[in-house]
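Right, one structure below, let's go through it.
The values are calculated or read from the model by the stated rules, or taken from the named source; none is laboratory data. Here the structure is a predicted model, which is why all the values come from computation and not from measurement. Positions of Cβ are backbone-derived with ideal geometry, glycine not excepted, and every protein chain shown enters the neighbour counts. The accessibility values were calculated without ligands, DNA or RNA, using every heavy atom of the protein model including side chains. Shrake-Rupley method; radii C 1.70, N 1.55, O 1.52, S 1.80 Å.
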Amino acid sequence: MRRIRARAGVKQGTEFRVPEIRLVLMYAAAFLLCALLLAPILQSGFIGDDTYNSSTWSRSAMQVDGQGLIEAAFEDQKVWVTHYGRFFPMTAYTYVVFHLVNGDAPAYKALIFALVLLDVGLLAVLVRRLSGSDALSGLTLALVPTALQFRSLSYEDPILAYAGLLQVVAALTLGSLILLVIYLDRAQRRFLVASLVLYGLSLVTYEISLALFPLHFLIVWLYPKRESLRKSLKTASPYAILAVITATTAVGLRLVYGAALTNTSAQYASRLAVTANVSEGSYAPNFAPAAILTTIAKQVVASFPLSYRLIAPDTSAWMPSFVSALYHSPKGAMALVAGYTTVVLMICLQVWRERVTGRLLNWQVTLCVGAGLVVLPQVLISLSPRYQAEVFWGVGYLPVYFGSLGIAAVLAVGIYSLLRVVSPRGRVPFLVVAALVIVPVVYTGVVNFYSNQTVVELRNRDSLYPRVAVSQAIDHGLFREVPSDATLVLGTPHNWESEAFYEGESGLPIEKVIAAAQLPESLPSNTSVVNNGDGSSTYRLPSTSTLYFVANQGYWQSNGFAVSGKIRQFVVRPGQTTRIHLDPAFLYETEAPRPDGQTKVPTMPQKGLPAVSGEIGFSEEGLIPLSSESSWSLRRTRPGQSIWLEK
């Protein structure tokens, strides 16, 4: 491609000017507010696929199994290529992340938090370069926290789960677009090459990038002023070529390994009924127009602020309102209101200054790129028969993350344009309209913050708190008598409990992990069975058995229990009720005081710690203290005594 000249109308060297102090303060305040409103990310644990991957790829678990990271990662990628025809080698970074954090949820979430803030910063930089407006860039920063919604009804949350996949793809995409703008400004080929490299990396990270090359065309065509269509297509053609090469590679792999190239909803449903594997057939597109358009519409709607709490099923019962936030957390809510009001007011005043100085806003390209970020990433997802069936209103699949970033830019253009239109009428009308803008923005930002906080708490009760309870219990000796190659029988199964998790926590090569309902199928061959007169059956295990029972629960941070013990016998009663006899048994309890629910989650009642000992058949007299501190204790049954648990 021939080297093009710097676009006319762009002031050379403006990127090196020293910003005024008020602009520095405006950007700093907007970015700090954004970080504060997205901080609930740091309070969450491993969620969705991350719960499994955080154990499978942890350094501790792989050391117990004697696995090497490179070999295991290669085998995993091989399955995706040969079985599904998917080629995304850049996702190998996720193995490294989980390996390094080694089950440390706070460290992992700090990385995700940093990636989200990186995307927010890159979006602001892109808007600033496209529009030439500091106010529009700052307004985009302020609106992002109103659009990024955490979701709890399904595991497909692009922020709280998936190892930062969408954050990495967004960073690569936004970085590629920024470098393209710099190339158009300076006509230095190295920026074009760097832009292409970043886009190429995004293509082999997640397939949704195949539909993103039109963003590059929009910038080439509209920035800083509209170019001829033919010239723009020529300049942007390398991005399309990269996308075609990647798509051709995926099709070739599917042909080589026999994966389906197309699918229908009926075929997917019938295959799912047979295999019970939601991934089987989900990557072969279904080209039914109605299904595609409906799925795109659902994804786009889910990108809008508060869409999850307003239209998703069954959220109104537990989502906090603005009034409840003010009532239950008056200091925190009022601080957010004051902070948000101040930041948006600073930005509105910057709009007034830009009007006075006569600075022109290139709103067309900013609006088009923002709209492209909303719609284009949803295209490939809308072709999947799985997501055509699974995605529902208010809850989008992973690319909704792109949509939220894009909708922030689109809304920022709308608000900026409104303020610019009214500005010639004088200060008073301008300030009145600014006040009318501030109210819904602040309302939405505060409500979304508390909604996100509530979602995190719900997720933590389901996953983080029970996981922390059993992890701490193992650290303090819960598995002190569990032998190597034991089979663990779960009394309270969680989706993160696996051989890898318990191997990583205990350092023991666990044979397998099963649910209590599978216990009769996993008994030693010399187990004796007695049929009782009441229709029940008693199973007595031999002394050489390595079946051990584990149950755990958590209710909030540092509040929960875990129990473990060797299974001696169990009784299966009619109706599948199982009574399990453990001897010896160990009980770990951590009973930190209940946190102030009024500041943590405004509208959700906090459960108290139940009488754990009574619930699972322990008596205080039958327990011997082993070790304890002020907030936790570990006890075991006395010699000759045993416990029964009903499952």
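The table below lists the values:
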read-out: In Å, descending, principal axis extents of the Cα set of the stretch 239-370; value: 61, 46, 24
read-out: Inter-label distance, nm, simple model (7 Å from Cα along the C-beta direction), Gln67/Ser270; value: 3.6 nm
read-out: Cα long-axis angle, helix 21-37 against the chain (0 to 90 degrees, to the nearest 10); value: 30 degrees
read-out: Cut-off under 5 Å, modelled amide H: who pairs with Asp583 long-range; value: Lys566, Arg568
read-out: Per residue solvent-accessible surface (Å²) - the chain, probe of 1.4 Å; value: 42 Å²
read-out: Surface/4 of the Cα convex hull for the stretch 103-145, nm²; value: 3.0 nm²
read-out: Three semi-axes of the equivalent ellipsoid, the stretch 149-226, Cα gyration tensor, whole Å, largest first; value: 29, 13, 10
read-out: Radius of gyration and Dmax over the Cα atoms of the stretch 393-530, both given in Å; value: 27.6, 91
read-out: Cα Rg over Rh - the chain, Kirkwood; value: 1.03
read-out: Length gained when the stretch Glu20-Ile245 is fully extended (0.36 nm per residue, less Cα-Cα span); value: 76.4 nm
read-out: Per residue Cα convex hull volume in Å³ - calculated over the stretch 292-388; value: 130 Å³
read-out: Per-selection Kirkwood Rh - the stretch 239-301 (Cα, Å, 1 d.p.); value: 13.5 Å
read-out: Rounded percent of accessible protein surface that carbon and sulfur make up, the chain, 1.4 Å probe; value: 62 percent
read-out: For q = 0.09 Å⁻¹, Debye-computed log10 I/I(0) when each Cα of the stretch 20-149 counts as one equal scatterer; value: -0.40
read-out: Separation between Cα centres of the stretch 511-569 and the stretch 37-60, rounded to whole Å; value: 29 Å
read-out: 19 Å Cα-Cα reach of Lys331 towards aspartates and glutamates, excluding residues that sit fewer than 8 places from it in its own chain; value: Asp596
read-out: Radius, Kirkwood style, for the stretch 196-266 when every pair of distinct Cα atoms is counted (Å); value: 13.7 Å
read-out: Overall Cα dimensions of the stretch 323-466, principal axis frame, Å, largest first; value: 56, 43, 20
read-out: Volume in Å³ per residue [convex hull over Cα atoms, computed for the stretch 473-595]; value: 122 Å³
